[in-house]
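Worksheet: the structure to be examined is printed underneath.
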Amino acid sequence: MKKILFPTDFSETANNAFIYALNLADSINAEIYLLHTYEMPVLSTTSSGQPELLQNVYNSIELNHFDLYKAEVPKLRKIAEDIGKEKINLTFLFEEGIMLTILKKIIKEETIDFIVMGTNGKSGIEKKLLGSNTVHVIEHIDIPILSVPNSAKFKRLNNFGFATMLRETDKPGLQQIIKIATGLKTDVSVLHVLRQEDPKIMDLLELWKKEFNEENVTFHTVLNKNLEESVFFFIDDQLIDVMCIVKRQLNFFEKFFTSSLSKQLAYHADVPVLVLKEPKL
């Protein structure tokens, strides 16, 4: 059985992403590990002779976080029940420490296959394609991460988008997406943007088409020097439900999602992003 790790702060954004996690788990026969972490503040006291006071503060902080945890867990179970996913196995984890360190520990101990995280919504999207916390996790985690904006509302996934520069290092990512899409009975639309006509690139594209000659895979080529415009048009034209990128491309995607096209960014803020591990070839 596959395993999904879902970090949550119990916010509306996280709860929205939880619905994606539940549907993904149902689709790929996975269980979900729900993780809530908190960090103890670094406190100092002028009363060095009274360390017990400092310990009381720490105990109070821990108790407050645990009370929140106990109050929110039933709400998450209710969300699962409301959408008919109550049979999915949920494991709740409560950890103190730096989130990234804890994520790495759980991924290793539990052999996690995916992470699903909520992002900050419209304001965060206008700064970056992914929320800053999510970007930080992506930079240091090497398993697939599904980033879900707050405005994304789950619907049946019909089409995965995959942008490629037609490099060999993109192929494992595309293979992984095709495998996931085939299991979900969805399509994969592959995009390559040409800045200028190049016969060699077209020949290479034909080789890719032959290599990935699957019934649910289509290739799309756009001749346009404006890469941002091309990707936005692609998302619209192909009705992309999830945009997939390879980790190596992250800076590239952040670049065009931090552009001046704020209206378009707000419009496309409802498209989740699946970030794949950068292959070591």
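All of the numbers you see were taken from the coordinates with simple rules; none came from a lab. For clarity, every value in this text was computed on a predicted model and none was experimentally measured. Here Cβ is always computed from backbone atoms with ideal geometry, including for glycine, and neighbour counts include all displayed protein chains.
A few notes on this one:
- Scanning residues 5 or more positions from D187 or on other chains, those with amide H under 5 Å from its amide H are N159, F160, with H placed 1.01 Å from N in the peptide plane.
- Checking every one of the trypsin sites (Lys or Arg not before Pro) in the range 200-239 against DSSP loop status and a limit of 14 other Cβ atoms within 10 Å picks out K225.
- The phi-based Karplus calculation (6.51 cos²θ - 1.76 cosθ + 1.60; θ = phi - 60°) puts the 3J(HN,Hα) values of the range 64-70 at 4, 5, 5, 4, 4, 4, 5 Hz, whole numbers, x for Gly and Pro.
- A simple spin-label model places the labels of D113 and L63 4.2 nm from each other, with each point 7 Å out along Cα-to-Cβ.
- Full-stretch length increase - D142, E81 - with 0.36 nm per residue and alpha-carbon distance subtracted: 18.8 nm
- Applying the Karplus relation 6.51 cos²θ - 1.76 cosθ + 1.60 with θ = phi - 60° to the range 23-31 yields 3J(HN,Hα) values of 5, 5, 4, 5, 6, 10, 6, 10, 9 Hz, where x marks Gly and Pro.
- ³J(HN,Hα) computed for each position of the range 219-230 - Karplus, 6.51 cos²θ - 1.76 cosθ + 1.60, integer Hz, glycine/proline x: 10, 9, 10, 10, 9, 6, 6, 8, 5, 4, 4, 5
- Residue order, fewest to most beta carbons within 10 Å, for Y33, Y38: Y38, Y33
- The gain in end-to-end length when the I201 to N216 segment is fully stretched comes to 3.1 nm, 0.36 nm per residue minus the alpha carbon separation.
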